[in-house]
Amino acid sequence: MENGFFSRPRPAPLAPAEEAAALKAARALLAARLPSSRRGFLRQLTLGGVALLSGCSLRGDDGGDSVEQALMAISRFNDAAQGWLFDPAALAPTYPGSMITRPFPFNGFYPEALAPVVDEADYQLEVRGRVADHRPWRLAQLWALPQQEQITRHICVEGWSAIGRWGGVPFAEFLRRVGADLGARYVGFECADGYYTAIDMPTALHPQTLMALSYDGQVLPRSYGFPMKLRIPTKLGYKNPKHVRALFVTDRRPGGYWEDQGYNWFGGL
């Protein structure tokens, strides 16, 4: 077929021993990227499936590198598909207060006791990149902006979920106030605990994406991201940064703490 894919020369098939080794490497690489709750599908993985989904040959001087390239191509395809399917008008489910998970669990890449202590008096939110107003924001200024609440479900890539009540500033409103270029592609975040991540602009402008300043009617606790976290109910938990100290608007796709280790960049539900 002359469609730019099947018309390409086909590589010679791998020998049985090479195929087994490449498939073993593919499963190992995927296992390192997936939570334990989602590794069952690896038993169904075939070498042909890896090559077909990625559009990559698994033959090369270094079989491991070839498999790595194939898996990264799958991830890029998945990101593109999720971005194309994302509906910026579709709302995540909301819940009554009776369904709030108590206590709401701590989640992070360090023990709860090591959550950063941020001094409210010294805190300034840096605003960089493609925005008209680069002045930093004090916490009191953020609290002075119009606030809204939501009771939504946090879904962790590790397989658990919890329902919480979050309050804060609609992120779209904040971006408009600082004169962000809403035609830019991404918004990145840097956090006081060394974490970093980024989201696409349609997600940033989603009506439920919130600069959360409170939890369950109280000032946002240290464990949940004081002084401010991004609450994004259309994304998996690792795309919801805590202790945010800086944000930037850009056309160049930023990385992320987990994304740079192989997690899906789009991270949508």
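Averaged over every viewing direction, what's the projected area of the C-alpha convex hull for region 140-242? Give it in nm², one decimal, please.
So the mean shadow area of the Cα hull is 6.4 nm².
How do 113-122, 213-222 rank on mean C-beta neighbours within 10 Å, highest first?
The densest-packed peptide leads the list: 213-222, 113-122.
Quick one: Karplus J couplings for region 132-145, per residue in order, coefficients 6.51, -1.76, 1.60, θ = phi - 60°, nearest Hz, x for Gly and Pro?
7, 10, 9, 5, x, 10, 7, 4, 4, 5, 5, 5, 6, 7
With a probe of 1.4 Å, find how much accessible area region 90-261 has per residue, and write the answer as a whole number in Å². The partial results should precede the final answer.
On the way: 7460 Å² over 172 residues.
So region 90-261 comes to 43 Å² accessible per residue, rounded to a whole number.
May I ask you to give the percent of accessible area on region 116-269 that is carbon plus sulfur, with a probe radius of 1.4 Å? All intermediate terms of the calculation are to be shown ahead of the outcome.
Values: 2930 of 5990 Å².
With neighbouring chains kept in place, the figure for region 116-269 is 49 percent.
The values are calculated or read from the model by the stated rules, or taken from the named source; none is laboratory data. Computed from a predicted structure; not experimentally measured. Cβ coordinates were reconstructed from backbone atoms using ideal geometry, including for glycine residues, and neighbour counts include every protein chain displayed. Heavy atoms of the whole protein, side chains included, go into the accessibility calculation; ligands, DNA and RNA do not. Shrake-Rupley method; radii C 1.70, N 1.55, O 1.52, S 1.80 Å.
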